[in-house]
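> After the structure tokens below, expect a handful of questions from me.
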Amino acid sequence: MAKIAIFNQKGGVGKTTSVLNIAGALYRRNNPALMIDMDPQGHLSQIHPSSINDAGKSLFSYYQDNKPLSELIIDWQNLGTLIPAHRQLAKVDSIFGKGPTVINKFGSGLTTLETQHALSNVLIDCCPYMGVLSLSALFTADLVIVPIASDFLSLQGAIKVEKTFASIEPFLKRPVNRRYLITRFDRRRNMSFNVHQQAIEAFGDNVLDTLISENVATAESPNHKQDIFSFNAQSVGALNYMALLDELIAGNLLNSASLAGTENASPKQKID
């Protein structure tokens, strides 16, 4: 089971959108993922066709009531499965503190879950601030994807994230395996090209080749409670996220053992 956290301390960079659409791409390769919403704002959970308003059926119940993660999984038709969030998750730090026991609790739950369910990939939508929930995800993740919207403030936010990784690595006793994903890329704007180049200068080979373009369909699909492939499979956004999946597969960055049709993978994108 590959555990992939999507994390940035800045909002509006495409974090939830990327979780949703990586899951959508995986589903279309016969490898549905489990998505876990660790953000008290619950944006990913709000996209689910059913309203999730009961804290007892959300990730909060795992912390509050020790309810097994396996009992919190709900189906997401044509996409995979979800463990939803609830606004009560914002209280985890104040209720349970910030010690190693609570930080490691999430990883322990995933280890138990892996023995009960055949899961190839888990996609974790992290909250956009550093606390118990984000640390829990970062400590257990095999890979962290950091979305960077194509503007300079997002780039500065990613540089702060890099410092966060450096600060937790001594506790992990291993490097944080991370990749930076450029989102909202607009080829009509020089700023997008400049941000992309500066990201490469800052993060080197950890910047993914795939660019997620600014695209109306990508922006609109969550409002219709759909991933980009269900909403418009021929859109630029769908092509981008399938290309991203192909790049992650090529780099052995997720579990592709049960994928089908990888011989028809899309080529990596190039900047014109």
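> If you take the residues of the range 173-182 that are surrounded by 13 or more Cβ atoms within 10 Å (Cβ to Cβ) and in contact with a helix residue (DSSP H, G or I) (Cβ under 7 Å, 6 or more places away or on another chain), which of them is nearest to H196 (Cα to Cα)?
Here the answer is I182.
> Which pairs turn up if I take residues in the range 203-227 that are within 26 Å of N252 (Cβ to Cβ) and look for partners that are surrounded by fewer than 20 Cβ atoms within 10 Å (Cβ to Cβ) and β-branched (V, I, T) with beta carbon separation below 8 Å, at least 6 apart in sequence or on another chain?
V207/I200; L211/I271; S213/V236
> Now for a separate question. Can you spot a residue in the range 1-23 that is touching a helix residue (DSSP H, G or I) at 6+ places or on another chain (Cβ under 6 Å) and more than 18 Å from P147 (Cα to Cα)?
Yes, the range 1-23 contains a residue that is touching a helix residue (DSSP H, G or I) at 6+ places or on another chain (Cβ under 6 Å) and more than 18 Å from P147 (Cα to Cα).
> Something else: Looking only at the range 130-153, count every residue that is surrounded by 23 or more Cβ atoms within 10 Å (Cβ to Cβ) and either free of Cβ contacts under 8 Å to residues at least 12 places away in the same chain or more than 27 Å from K91 (Cα to Cα) (or both) and tell me the total.
Summing the residues that are surrounded by 23 or more Cβ atoms within 10 Å (Cβ to Cβ) and either free of Cβ contacts under 8 Å to residues at least 12 places away in the same chain or more than 27 Å from K91 (Cα to Cα) (or both) in the range 130-153 gives 3.
> Of (1) of a type outside the set (D, E); (2) crowded, with 19+ Cβ neighbours inside 10 Å; (3) within 18 Å of T16 (Cα to Cα); (4) at pLDDT 95 or above, A217 satisfies all except one. Which?
With (1) of a type outside the set (D, E); (2) crowded, with 19+ Cβ neighbours inside 10 Å; (3) within 18 Å of T16 (Cα to Cα); (4) at pLDDT 95 or above applied to A217, the lone miss is (2).
> Condition first: more than 22 Å from R29 (Cβ to Cβ) and among the hydroxyl-bearing types (S, T, Y). Now tell me which residues in the range 70-100 satisfy that.
Those that are more than 22 Å from R29 (Cβ to Cβ) and among the hydroxyl-bearing types (S, T, Y): S70, S94.
> Please go through the range 225-256 and give me each residue that is farther than 19 Å from N30 by Cβ, part of a loop (DSSP other than H, G, I, E, B) and among the small types (G, A, S), ordered by number.
Once the filter is applied, which keeps residues that are farther than 19 Å from N30 by Cβ, part of a loop (DSSP other than H, G, I, E, B) and among the small types (G, A, S), the range 225-256 yields S235, G251.
> Quickly run through the range 244-258 and pick out the residues that are aliphatic (A, V, I, L, M) and either closer than 19 Å to K15 by Cβ or touching a residue at least 40 places away in the same chain (Cβ under 8 Å) (or both).
Those that are aliphatic (A, V, I, L, M) and either closer than 19 Å to K15 by Cβ or touching a residue at least 40 places away in the same chain (Cβ under 8 Å) (or both): L244, L245, L248, L253, L254, A257.
> With the requirement that a residue be in contact (Cβ under 8 Å) with a residue 24 or more places away in the chain and either part of a loop (DSSP other than H, G, I, E, B) or not aliphatic (A, V, I, L, M) (or both), what does the range 54-76 give you?
Hits for the range 54-76 are D54, K57, S58, F60, Y62, Y63, Q64, P68, S70, I73, W76.
The values are calculated or read from the model by the stated rules, or taken from the named source; none is laboratory data. None of the values given here were measured: they were computed from a predicted structure. As a convention, Cβ positions derive from the backbone with ideal geometry for all residues, glycine included, and neighbour counts pool all protein chains shown.
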